[in-house]
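Worksheet for the structure shown next.
The values are calculated or read from the model by the stated rules, or taken from the named source; none is laboratory data. Everything numeric here is computed off the predicted structure, so don't read it as measured data. Quick reminder, even Gly has a Cβ in these numbers, built from the backbone with ideal geometry, and neighbours come from all protein chains shown. In case anyone asks, the SASA skips ligands and DNA or RNA and just uses the protein heavy atoms, side chains included. Shrake-Rupley method; radii C 1.70, N 1.55, O 1.52, S 1.80 Å.
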Amino acid sequence: MLGFRAPQRLHFIVATALLAAVASIAVVGGFFEPFNVTYDHRALIIGGKRRMLISAGVHYPRATPEMWPGIIRKCKEGGADVIQTYVFWNGHEPVRGQYYFEGRYDLVKFVKLVGSSGLYFHLRIGPYACAEWNFGGFPVWLRDIQGIKFRTNNGPFKVEMQRFVSKIVEMMKEEMLFSWQGGPIILLQIENEYGNVEGSYGKGGKEYVKWAAEMALSLGAGVPWVMCKQTDAPETVIDTCNGFYCDAFKPNAYKKPKIWTEDWNGWYASWGGRLPHRPVEDNAFAVARFFQRGGSYNNYYMFFGGTNFDRTAGGPFQITSYDYDAPIDEYGLLSEPKWGHLKDLHAAIKLCEPALVTVDHEPQYFKLGPMQEAHVYSNVPVKVNERLPKNLSVCSAFLANIDEHKSVAVKFFGKDYTLPPWSVIILPDCKNLAFNTAQVGSQISIKTSSPLFSSYSNTTAPGNLLLAAKDFSVSSTWMAFSEPIGIWNSSSFTTQQILEHLNVTKDASDYLWYITRINVSGEDISYWKEKDSHPALTIHNIRDVARIFLNGQLIGGAYGNWVKLEQTLQLVQGCNELALLSEAIGLKNYGAFIEKDGAGFRGPIKLTGFKDGEIDLSSFPWTYQVGLKGEFVKIFAPEETEKVNWTILQPDKRKKAFTWFKTDFDIPDGKVTYALDLGSMGKGQAWVNGHGLGRYWSLVAPKHGCPGTCNYRGAYNENKCLTNCGKPTQTLYHIPREWLQASSNLLVIFEETGGDPLEIKLKKHATVTICSQVSETHYPPLSSWHNPERFTGNLSFDKSQPEMHLHCDDGYAISSITFASFGTPHGSCQYFSKGKCHAQNSSFVISEACLGRNSCDITVSITTFSPDPCRGTVKTLAVQAECSPPSDYSLHSSF
């Protein structure tokens, strides 16, 4: 025990006492014994005890209720104490005064599931959310209220905001969900990142901040409120930090704890953009630095990102996937090594919690080098160049190297440590290493989306779809329905002006038709022939997508965020019908004055190139038609699909624009995670059994800008470590398993640009390959710190051995070992090779421990792989294995 048995034993006793205190807030009847939540300058105080808290961001509407329990369980297993979510106003009050709290919007059910799992809850009511969610969470009807101005000292807005916030607080009270009622809610939030835009509102902004805080407190929720990114938050509300790093953040008053409401462990993606990736080494570094420098509550934004189903994606141009490079992926599967490495980090922080909550002021600070430092939390002062004092009862240390390039050896309490570049090591007892942010021992999981069927077969009749897989095959037929161009029912109206898109659609649809007629004289035709020219249409500004139809034919268009559109026209003599289709791809979700942003067209719409000069169409009679016929008839719903005349799709007609396609398909039995591959399609929306999968769009990311390797060292931003260059931003679309039935699943696609439905594929999304590399010098598993023998002196830290942990997805098992070597293997996952030193029994040992199991643990030691293949050499265990559903494999080792 390196002469440190007494302090370690006391540390264990304190840790045990803390766990007992936490357990005293026991789960009773599915929730908790009532407890109060307060705070001081150091931390939130829960049931009278300071706590260091790990929170997992999960947005309930971005998953199905059937997915919630599994997601919550994986958050808890990953070390979370708290689940955090926004509240989505436009989902809960789609029509003013008409509330919706069912299905994916059943907030009460979600909170209760979290409580029943023994976790706490942080409810961010806002009601502005941002969140890359449509209109930032605001209902569109809000902008139509007379005299309203969002998020400022404006009477109409404050009335509506207070009404909704009060509604949510009262609902939580009625359901007994606050901590003092025995519920899980320990924290609330009012507003959201308002400090970023407050300056745009002048004096009204400052008055609004004070009002929002006072209004929130007046509701009597009985738990603390926070305001994130709000440096002028009133004294009664905790101001908190959002960002990639928050270790340097300090609240605006001493009595407030240091809280990180949004730890951006990934980033969102936009159509036509690359995919962001944040290395887990850097994310772990940021979190460790936060707790090292006095942090007390860290929330991952996101721990599970999920999916923007239906038309909930924000704008402009947010994609349907909200995976966010999170520890739990969009489908609810673990993303490794991110989940596992962060789980170990959380366990290490929990081991430090007794010391972290004991220190009342700043931790002791020690300079270990030019860019190396240590922070020590202990009950009595210590000196790093002396032995630990005998009256020490708790002591935890964080040693950081913020140099991006060099590893550094340091001496700390008489012991040598090596600090890799851009790393933090955690010593829960101030002596023994429990965690190194730069040393990842968790497995790597390689996921694939493998096809269950080929969509079209030449052996079938025209229009038939052959769904074929190992265990089943189903034949179906693709049917088609042409969407009318322009006016399709009596709800259309005509006016002599250009109307703003949202003022007409009220966001009932992405689509709005603008239709007018242009009379062309013979003189104009002769003029163009003489000049060998054509007239052109100019729209000063469009957002997000505009399509141009001339006499019923699609001739062009443009997309962008308020960009100019110019299109040559082939007009004919006489009357020409010009139909412009404006498409919103998610309403703006961030920034000041978003209620004024709108969508559609701005500025004059003109025709140029006529003999008598340009023609301003802005004052022409324009007929407006909201939406699509198929959309409003709801032909995507099983009970409504026969309301239009479908025809069998002929292969030579399959790439037609503005066409609805439908088919049905069966699925195999079993708990399989599904994705729809729409890479063959252009742009549109998709539904399965009436459920909206979301928008799809096959825009391709730029070919350049993705590094060959991602260096985690150095400060991260959303443009570092980008991936997916030269490929469509998104081709796979999540189909929740609970939306499917064994047979006759209805798939409906609306295609705008002419994709090929016969190439659509249903795919199985799963982890198929797992790899891990663990050295003999890796630190022992965090679970070993809870072994009582450590604290009786019967088990030495120096004798503890590292472990390799392998696991497949739920319902899968390790079916084969494709590589195993204990020695000096080379390469990385999927590219391993044996080195000069190799234990001959490596494959046998791993196969015996792992084959046929969902997970396995292997001690990385000479004892496990005896005899020693190369004495005096530090050895590493490298393993690659395959995962399969139990019915799909025969156990074997292929290496």
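Tell me, what ³J(HN,Hα) does each residue in region 48-63 have, in order and in whole Hz, if you take phi through Karplus 6.51 cos²θ - 1.76 cosθ + 1.60 with θ = phi - 60° and put x for Gly and Pro? Whole-Hz 3J(HN,Hα) from phi for region 48-63: x, 10, 5, 9, 9, 10, 10, 10, 10, x, 9, 9, 4, x, 8, 8.
Near ILE605, the amide H atoms lying under 5 Å from its own belong to LEU617, SER618; only residues 5 or more places off or on other chains count, and H is placed 1.01 Å from N. Distance between the C-alpha centres of region 42-63 and region 215-269: 13 Å, rounded to the whole angstrom. Applying the Karplus relation 6.51 cos²θ - 1.76 cosθ + 1.60 with θ = phi - 60° to region 616-630 yields 3J(HN,Hα) values of 8, 7, 4, 9, 5, x, 10, 9, 10, 9, 7, x, 10, 4, x Hz, where x marks Gly and Pro. What's log10 of I(q)/I(0) for region 638-737 at q = 0.16 Å⁻¹, Debye sum over Cα points only, no solvent? The Debye formula, applied to the Cα set alone, gives -0.91.
Rounded to the nearest 10 square angstrom, LEU113 shows an accessible area of 50 square angstrom against a 1.4 Å probe. The length gained by stretching the chain between TYR100 and ARG73 to full extension, at 0.36 nm per residue less their Cα-Cα distance, is 7.1 nm. Mind checking the angle between helix 107-116 and the chain's longest principal axis? C-alpha axes, 0 to 90 degrees, to the nearest 10. For helix 107-116, the angle is close to 20 degrees. Using just its DSSP H runs of length 4 or more, each adding -39500 (n - 2.57), the chain gives a mean residue ellipticity at 222 nm of -5000 deg cm²/dmol after division by all residues. Straight-line reach from LYS761: which aspartates and glutamates have Cα under 16 Å away, leaving out those fewer than 8 places along the same chain? Correct list for LYS761: ASP664, ASP666, ASP677, GLU751.
When peptides 710-716, 500-506 are sorted by average Cβ neighbour count within 10 Å, with the highest value leading, the order is 500-506, 710-716. Since only GLY574, GLY103, LEU550 are under comparison, the one whose Cα sits farthest along the positive direction of the charge dipole of the chain, derived from C-beta charges on Lys, Arg, Asp and Glu, is GLY103. A dipole drawn for the chain from +1 and -1 charges on Cβ atoms has a positive end, and of ASN90, ILE605, TYR268 the residue lying farthest that way is TYR268. Among the cysteines of the chain, those with no neighbouring cysteine Cβ under 4.7 Å are CYS75, CYS130, CYS228, CYS352, CYS575.
Only one item in [x] 64, 34, 22; [y] 53, 35, 25; [z] 111, 29, 22 matches semi-axes √(5λ) of the Cα gyration tensor in Å derived from the coordinates shown, and that item is [y].
Just need the relative contact order of the chain here, percent rounded to a whole number, with Cα pairs under 8 Å and 6+ apart.
12
Against the chain, whose longest principal axis is taken from its Cα atoms, helix 280-292 shows a tilt of about 60°. Computed over region 343-460, the P(r) curve from all C-alpha pair distances, binned at 10 Å from the origin, holds 12, 37, 25, 7, 5, 6, 5, 2, 0 percent per bin. Between LYS611 and THR777, residue separation times 0.36 nm minus the direct Cα-Cα distance comes to 51.5 nm. Mean sequence separation of contacting Cα pairs (under 8 Å, at least six apart), scaled by the length of region 518-602, corresponds to a relative contact order of 37 percent. Distances between placed amide hydrogens fall under 5 Å for TYR297 paired with LEU53, TRP260, all partners being 5 or more residues away or on another chain. In loop segments of region 323-390 as defined by DSSP, the GluC sites (Glu not before Pro) with at most 16 further C-beta atoms inside 10 Å of their C-beta are GLU386. Karplus-based coupling profile of region 433-442, in residue order and whole Hz: 6, 9, 7, 10, 4, 8, 10, 8, x, 6, with θ = phi - 60° in 6.51 cos²θ - 1.76 cosθ + 1.60 and x standing for Gly or Pro. A simple charge model with +1 on the Cβ of Lys and Arg, -1 on the Cβ of Asp and Glu and nothing else charged puts the dipole of region 491-560 at about 80 debye relative to its Cα centre.
Could you list, in their original order, any pairs among LYS390/LYS415; LYS671/LYS763; LYS431/LYS875; LYS206/LYS229; LYS109/LYS167; LYS506/LYS634 whose Cα atoms are separated by more than 20 Å?
LYS431/LYS875
The long axis of helix 155-174 is offset from the longest Cα principal axis of the chain by roughly 50 degrees. Averaging the sequence gap over all C-alpha pairs within less than 8 Å and six or more residues apart, then dividing by the number of residues, gives region 94-248 a relative contact order of 22 percent. Farthest towards the positive end of the charge dipole of the chain, among the residues LEU512, LEU565, CYS837, is the Cα of CYS837, using unit charges on the Cβ of Lys, Arg, Asp and Glu. Probing with 1.4 Å while keeping every protein chain in the model, the per residue accessible area of the chain equals 38 Å². Applying a DSSP loop filter and a limit of 12 other Cβ atoms within 10 Å to the chymotrypsin sites (Phe, Trp or Tyr not before Pro) in region 535-572 leaves nothing.
The distance from the alpha carbon centre of region 557-602 to that of region 331-405 is 55 Å, rounded to a whole number. In the structure displayed, which of LYS74/LYS834; LYS149/LYS588; LYS343/LYS834; LYS531/LYS655; LYS74/LYS338 lie more than 24 Å apart, Cα to Cα? In this structure, LYS74/LYS834; LYS343/LYS834; LYS531/LYS655 lie more than 24 Å apart at Cα.
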